[in-house]
1. Could we say that GLY62 is at pLDDT 90 or above, of a type outside the set (Phe, Trp, Tyr) and loosely packed, with under 11 Cβ neighbours inside 10 Å here?
2. List pairs: first residue in the range 8-23 and of a type in the set (A, V, I, L, M), second residue surrounded by fewer than 12 Cβ atoms within 10 Å (Cβ to Cβ) and outside any strand (DSSP E or B) anywhere in the structure, Cβ distance under 8 angstrom, at least six positions apart or on different chains.
3. Out of the residues in the range 1-45 that are of a type in the set (A, V, I, L, M) and surrounded by 12 or more Cβ atoms within 10 Å (Cβ to Cβ), state the one that is modelled with the lowest pLDDT.
Amino acid sequence: MKRKCEFCGNEIEEDETFCKGCGNPIKDSKEVKEAVIDNKKNTSNFITIIIIILLIAIIIGGFFLIK
Ligand SMILES: [Zn+2]
């Protein structure tokens, strides 16, 4: 099934990840979807690290307040 580029309307083959007409990445392609999933994983890891750092800061802060 052929699709059209959302940027320039050029026809795109199923296995293409970039538009031949304008060079933009094709959002429906597998490679782009995998890249998006990877970005989400990286973001959740980053948030987890921040939460852990905040928890450590709270624990250390509480320790000094009790003293
Ligand atoms: Zn295009």
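The values are calculated or read from the model by the stated rules, or taken from the named source; none is laboratory data. Worth saying up front: this structure is predicted, and the values here are computed from it rather than measured. Every residue, glycine among them, receives a Cβ derived from its backbone with ideal geometry; neighbour counts consider all protein chains shown.
1. yes
2. ILE12/LYS2
3. VAL32
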